[in-house]
Structures are given as C-alpha cells and as structure tokens.
Amino acid sequence: MKVLCGPASPSLGKKLSSFLGAELLQCEFKRFPDGEVYVRIDEVDEPVTVVQSVCSAEDFIFLTLILDALEGVDKIVVVPYFGYARQDRKFKEGESISIRALARAIESDAEKIVSVNIHSQMAKNHFRRLIEVDAMPVIGENFKEDDIVMISPDMGSLKRVEIAAKYAGCDFDYLEKKRIDADRVEISPKEINVENRRVLIVDDIISTGGTIVEASRVLKSFGAKRVEAVCVHAVFANFALNKLYNAGVEEVTSTDTVEKITSRISVAEEIAEKIKNIGYS
Ligand code: R5P
C-alpha cells in the first residue's frame, strides 16, 4: 500500500503513512493561470490510500482528478473533513443535497471512504461504504491532565462531548443554541455551574465562530474563569480565529482534519487503525 497526500492534507497524510508503514506516492499538483488545477501521479501497481480533506470546491476538484489519475488502482479514500455535510437534506424545494452529490461522486471511484466525525446521521445515510472515525476519544485524552469542565454549545453535540469528557475524566454540561442565520446564534439562559472554572467548549466544527463566541459570552456571564475551545474541524470561515480571540477565547485547539495553526491534535493514528482493519497491504 502507498499513501498519496492531496494538497489539503499533506501533514496528516504524512503522519498516516508512518502509522501504516507505507511509502508516500510521488505526485505533482499545479494551478494554471486561469485557476484550473492539474494532477500527475507516478505509476503504481499496488493499492493506494488517498488523503484529501474537502474544505472547498477546489479541494473536491483535486480529489476528483487524483481518483481519475489512479484509474484501475484499488483505492481507499480518506476525506478527514468532509465539507458540504451540513446540506444533508432539502431545506427548500428544488435544492440539491450536497453531501449526497459528493458521496456519490467519490464512492463511484473508491473501495472505501474513511472520514472523521461527519456532521450528522442524515449526512452519513447518503454513503454506502463509509467508515467513520470518532475524534472525541483523542480530543479527550489530550486534556486528561487538566482541571476543566467541557461544555457542548448545543444538544446536537452533547453525545460527542460526553465521550470526550469520559476520556478526559472531567465534568461536562451543555447549552441550548438556536441558529438565527448563517453567522448568528442565540443561546438560551440555562442553569449551568461553571463559576471560577476553566471551561472548554467542544464542538465538531468551528466555521464562522458565531457559536463559540456566543457560548463564551454566556459562560463568562455565569462566572467562568477562563474559556477555551476545541473542535474536530477547524474550518475558520471569514477570519473566525481572529473573531474568537477578540471575543476573549483564550485558546483554540483543533485536530488536523483541516490543517491549521490550531491543529495540535492528530487523528492519524485513529485513521490508520481503521485502514488496517480493512485489510489492504
Ligand atoms: C452545528 O450544528 C455545529 O455543530 C457547529 O456548532 C456549527 O457548525 C458551528 O458553526 P459556526 O462556527 O459558524 O457557528
């Protein structure tokens, strides 16, 4: 087995190759002056694990071209962050179900797809050959020496936070969030005991940062001594990280599903375990 790191996932791909004891497959990526992209991959006569997050339309085009260049080769496709998963249904008549469209395209050219914390069960239902990695245990482990309380910003993330808290050996609780629009959320008042505590807000995705900013404001009003945040997927749209620090969030940590300055927790080992279980060599 060889590992091919797509342009969105070079570091995670490299770590994964070490855990698998597999060599990197040489490849070339280019962007033409008009914005079109180009892929060339060295010839290969063994199975390949392709690692490429899909955070943007261009990431998806790169992945499509990589899979095409590997025509005829057995492929496991690792998409550590699978974007477009929040459009997992038709909210209005006539809409596309984005995650279904992407899942169909990738599954048509891959033996298995491995991804990390896909946003919802509804999104997962659009896949036929998906293997999911849960980053919550490794996130929890990362904080096990710390005297913290973990907070889920909404009911939807509560199950995830419960797992992270179990691995960290800490208390946890949740807030009640209502989304107003793509950038704004409202958190309803709810009794929660964080007075003088170091609080860690745990979420699957930080996109605009609106959820964490509002949760942080509410937690501070309840007397939290220090507010930090951790997420699986650090999407950070529209200068979200600046927004978080400006709002007084002291520290932001993420995994490497989206490679950012905050990616201090790696999910490479967890992904490697899943791939080993598939049984390619
Ligand atoms: C929502 O259901 C998710 O778990 C995240 O809370 C949400 O995607 C975060 O988005 P934003 O950073 O834009 O508030």
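The values are calculated or read from the model by the stated rules, or taken from the named source; none is laboratory data. Remember, predicted model here, so these are calculated numbers, not experimental data. No Cβ is skipped: glycine too gets one built from the backbone with ideal geometry, and neighbour counts run over all protein chains shown.
Could you say whether any residue in region 122-130 is of a type in the set (F, W, Y) and more than 20 Å from A234 (Cβ to Cβ)? Don't jump to the end; show me each part of the working.
Taking region 122-130 as the starting set, the residues that turn out to be of a type in the set (F, W, Y) are 127.
The next check asks that each one be more than 20 Å from A234 (Cβ to Cβ); those that pass are 127.
There is at least one residue in region 122-130 that is of a type in the set (F, W, Y) and more than 20 Å from A234 (Cβ to Cβ).
Residue by residue through region 203-224, note down the ones that are more than 10 Å from the ligand (Cβ to nearest atom), buried (at least 20 other Cβ atoms within 10 Å of the Cβ) and within 17 Å of V252 (Cα to Cα). Correct list: S216, L219, A224. Only residues that are free of Cβ contacts under 8 Å to residues at least 40 places away in the same chain and closer than 17 Å to G83 by Cβ were counted in region 124-165, giving 5.
With the requirement that a residue be part of a helix (DSSP H, G or I) and closer than 20 Å to I148 by Cβ, what does region 203-213 give you? Full working, then the answer.
Going through region 203-213, the residues part of a helix (DSSP H, G or I) turn out to be 210-213.
Across region 203-213, the qualifying residues are T211, I212, V213.
Does region 142-150 contain any residue that is in a helix (DSSP H, G or I) and not assigned by TED's automatic domain parsing to the domain that holds V54?
Of the residues in region 142-150, the ones in a helix (DSSP H, G or I) are 142.
This time we only want the ones that are not assigned by TED's automatic domain parsing to the domain that holds V54, so: 142.
Checked region 142-150: at least one residue is in a helix (DSSP H, G or I) and not assigned by TED's automatic domain parsing to the domain that holds V54.
Pull up region 230-259, narrow it to residues that are surrounded by fewer than 24 Cβ atoms within 10 Å (Cβ to Cβ) and small (G, A, S), then point me to the one that is farthest from the ligand (Cβ to nearest atom). Of everything passing the filter in region 230-259, G248 is farthest from the ligand (Cβ to nearest atom).
Each row is one residue, and each column tells you yes or no for (1) small (G, A, S); (2) not in a helix (DSSP H, G or I).
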| position | (1), (2) |
| --- | --- |
| I201 | no, yes |
| E228 | no, yes |
| F236 | no, yes |
| L244 | no, no |
| S254 | yes, yes |
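Cβ-Cβ contacts under 8 Å between residues 6 or more apart (or on different chains), taken from a first residue in region 41-56 that is over 30 Å from S207 (Cβ atoms) and assigned to a strand (DSSP E or B) to a second residue that is at pLDDT 95 or above and of a type in the set (G, A, S), are listed as I41/A69.
For region 76-92, a residue qualifies if it is over 11 Å from the mean Cα position of the chain (by Cα), in a loop (DSSP other than H, G, I, E, B) and buried (at least 18 other Cβ atoms within 10 Å of the Cβ), and the qualifying residues are Y84, Q87, D88. Within region 160-192, restricting attention to residues that are within 11 Å of the ligand (Cβ to nearest atom) and part of a loop (DSSP other than H, G, I, E, B), which residue is surrounded by the most Cβ atoms within 10 Å (Cβ to Cβ)? Per the criteria, the residue is L175.
A search for C-beta distances below 8 Å between a residue of region 188-209 that is on the phi > 0 side of the Ramachandran plot and any residue that is modelled with pLDDT of 95 or more and not in a loop (DSSP other than H, G, I, E, B), counting only pairs 6+ apart in sequence or on different chains, returns G209/A240; G209/L241; G209/K243; G209/L244. Considered as a group, the residues in region 99-127 that are surrounded by fewer than 17 Cβ atoms within 10 Å (Cβ to Cβ) and not in a loop (DSSP other than H, G, I, E, B) include one that is nearest to the chain's Cα centre (by Cα), and that residue is Q121.
Just to be sure, is E195 farther than 21 Å from N246 by Cβ, outside the structural domain of S56 (by TED's automatic domain parsing) and out of contact with any helix residue (DSSP H, G or I) (no Cβ under 6 Å at 6 or more places or on another chain)? Let's see the steps before the verdict.
Working: farther than 21 Å from N246 by Cβ: yes; outside the structural domain of S56 (by TED's automatic domain parsing): yes; out of contact with any helix residue (DSSP H, G or I) (no Cβ under 6 Å at 6 or more places or on another chain): yes.
When the stated conditions are applied, E195 passes them.
As a summary of the residue check, E71 satisfies the conditions (1) part of a loop (DSSP other than H, G, I, E, B); (2) surrounded by 15 or more Cβ atoms within 10 Å (Cβ to Cβ) except for the one numbered (2).
Test I139 against the criterion of being of a type in the set (A, V, I, L, M), within 16 Å of the ligand (Cβ to nearest atom) and in contact with a Ser or Thr (Cβ under 8 Å, 6 or more places away or on another chain), and give yes or no. Yes.
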